[in-house]
Amino acid sequence: MDVEKTKLDPGHPACAGCGAAIAMKIVSSVLDDGTRIVIPAGCWSIILGRYPFSSLRLPAVHTPFAFAAAFATGMRAAQEFKAKKAQVVVWAGDGATYDIGFGLLSAAAERNEDILYICYDNEAYMNTGAQRSSSTPKGSVTPTTPLGKPEEKKDIIGILVKHGVPYAASASIAFPEDLKSKVLKAKAIKGFRFILIHCPCPTGWGMDPSLAVRAARLAVECGIVRLFEVEKGKYRETYKPKGLPVELYYGLQKRFKKPAGGFEPPTC
Ligand code: SF4
């Protein structure tokens, strides 16, 4: 990765090894200066920093949990009204995307609004103590699923593809070139574009910060996270996994182990 081009400055307040910060480091390296970033409530509300300070060298706005897609829609309309060309990018966690902001996300996708929506998927409400979201994988132990989550992870890309969006893709922080090429491709497409980035959270997943990228890579190589894109309804796998045993991925994290004394909430 060309770290010189990233627009995320060092010294930001994310936890060590934060996958969501690594994701921004990669993505912002291929975003144009002046790209408008819309951030609903979540870990990135903190990582961005408190006004007038910011960790990101891009104009960014905070929104309430549910409203990022609607806010971005209005911001893009204002850009068009003023004949300006800045991209509007939503940068949202899975809680804001899969659950709380889902209605407005669905509405924006169905209207094919000209926005790029990127979800940094750390698979729970990490900013408030790692409670389960509908992105949390089955079996994961969280404060609200102390015996392991019984439901499967929601297929958010499948749902958005059914909205007829022109571009949707999955990506991983362990495959930065694949991620960057998807952002570059999405930037060049008009209409609603969606990218889901698998972002390990060492704090919420119960693992050493040094293991975040290894966990992301194992998720792909074990076939748990697939790297693909769907362009105009056409599915294409962008990486063939090695098919490693899934235990390698699950074994790195405490969230798939049920502690005898109950769930120990992470401290952030
Ligand atoms: S809780 Fe997780 S996602 Fe949030 S800042 Fe810390 S490592 Fe990143």
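Nothing in this text is a laboratory measurement; each read-out follows from the coordinates by a stated rule. It should be emphasised that the depicted structure is a prediction, and the values quoted were computed from it without experimental measurement. Cβ: placed from backbone, ideal geometry, glycine included. Neighbour counts: every protein chain shown.
3J(HN,Hα) along region 121-130, derived from phi through the Karplus expression 6.51 cos²θ - 1.76 cosθ + 1.60 where θ = phi - 60°, amounts to 9, 9, 6, 4, 7, 5, 6, 10, x, 6 Hz, with x in place of Gly and Pro. Checking every one of the GluC sites (Glu not before Pro) in region 134-181 against DSSP loop status and a limit of 12 other Cβ atoms within 10 Å picks out 151, 152. Computed over region 3-256, relative contact order equals 18 percent, with contacts defined as Cα pairs under 8 Å that lie 6+ residues apart.
Along the Cα-to-Cβ line of residue 79, 7 Å from the Cα, sits a label point; which residues in region 11-45 have backbone N less than 14 Å from it? Zone members listed by number: 31-39.
Given only helices, namely DSSP H runs of n ≥ 4 each adding -39500 (n - 2.57), what is the per-residue ellipticity at 222 nm of the chain, to the nearest 500 deg cm²/dmol? Could the numbers behind the result be given before it?
Values: 9 runs with 75 residues, N = 268.
That comes out to -7500 deg cm²/dmol.
Take the alpha carbon atoms of region 157-181, find their center, do the same for region 91-138, and report the distance between the two centers in whole angstrom. Taking the Cα centre of region 91-138 as reference, the centre of region 157-181 is 14 Å away.
In the structure shown, do any of 85/154; 25/187; 82/162; 180/240; 7/85 have a Cα-Cα gap over 27 Å, and if so which? Walk me through the intermediate numbers first.
Working: 85/154 34 Å; 25/187 17 Å; 82/162 32 Å; 180/240 18 Å; 7/85 19 Å.
Over 27 Å Cα-Cα: 85/154; 82/162.
Placing dummy labels 7 Å off each Cα toward the beta-carbon, the span from residue 159 to residue 248 is 3.2 nm.
Between 83, 109, 92, which gets the highest mean-square fluctuation from a Gaussian network model of the chain, Cα cutoff 10 Å? Most flexible of the set in this elastic network: 83. The long axis of helix 68-81 is offset from the longest Cα principal axis of the chain by roughly 20 degrees.
Ordering of 231-238, 213-220 by packing is 213-220, 231-238, highest average first (other Cβ atoms within 10 Å, averaged per residue). Computed from the C-beta positions of residue 238 and residue 16 and an R0 of 25 Å, the FRET efficiency is 0.30 to the nearest 0.05.
Relative to the longest principal axis of the Cα atoms of the chain, helix 212-221 runs at roughly 90 degrees.
One quarter of the surface of the convex hull around the alpha-carbon atoms of the chain equals 13.4 nm², the direction-averaged projected area. Taking the inverse of the mean 1/r over every pair of distinct Cα atoms in region 184-236 gives a Kirkwood hydrodynamic radius of 13.2 Å.
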